[in-house]
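Here is the structure we will look at.
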Amino acid sequence: MNYKDAKYKNETPLYHGFVFFASIFLTLTSLFMRKSCMLLCISLCATMLLQAQVNLPNKKQSEAVSAVINTYSKARKTSDTGLLKRILTTDVDQLVSTGEWRKGMDEAVQGMLKSSSNSPGQRTLHIETIRMLNANAALVDCRYEIQNRDSSVRKMWSTFIVIATKEAWKIAAIRNMAPTGQ
């Protein structure tokens, strides 16, 4: 195209060169932006998936956490204070369904024994979920049932915070809840 033949004065070779390079730049930028956005989305999705998986225990953690809950059930059933003291942290605290707080190992153990003798019955814990708070701490939700001597069943929930110590996994906190309406 000749400058003299240009329809508009700004249609010079310099103008056409600018338009050509600008269109290439915009095309490359849009391709780069699309790829960047796609890469960003993939990275965010992968991060969210990995984060969600962090909360799930691995097989070793699941077995160890389940074992400490089962040991707790056994110790309560047999009123084994020595076993209870081995699986509770020294600063354990327990909030029971009556609203009573038991703070420290001695108070918790005494309260557990007193509770078992005051309301006898078969106590059963069924682990519903184990969620890892980090590599050394887990939140364990359990269905807690007490079958009374009159065959009625008291259905509650128990939540445990279990931590890995140098020696073993131990219970650091217990929350017992009675659902309303029961």
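How do W157, W169 line up, fewest other C-beta atoms within 10 Å first?
W157, W169
If I model a spin label as a point 7 Å beyond the Cα along the Cα-Cβ vector, how far apart are those points for A67 and K155 in nm?
The two pseudo-label positions are separated by 3.2 nm.
Quote to one decimal, in nm, the extra length available between Q147 and K60 on full extension: 0.36 nm per residue of separation minus the C-alpha distance between them.
Between Q147 and K60, full extension yields an extra 28.2 nm.
Give me the extension gain from K166 to T98: residue separation times 0.36 nm, minus the current Cα-Cα distance, reported in nm with one decimal.
21.1 nm
Find how much the distance from S116 to T180 grows on full extension, using 0.36 nm per residue of separation minus their present alpha carbon separation; answer in nm with one decimal.
Length gained, S116 through T180: 20.8 nm.
Which entries of K60/K114; K59/K85; K103/K166 show an alpha-carbon separation above 29 angstrom in the structure shown?
K60/K114
Can you tell me the FRET efficiency between L133 and K77 if r is taken as the Cβ-Cβ distance and R0 is 25 Å, rounded to the nearest 0.05?
E(calc), rounded to 0.05, equals 0.35.
Only the coordinates and a few stated rules stand behind these numbers; no lab work does. Owing to the predicted nature of the structure, the values given are computational and were not obtained by experimental measurement. Note that each Cβ is placed from the backbone with ideal geometry, even for glycine, and that neighbours are counted across all protein chains shown.
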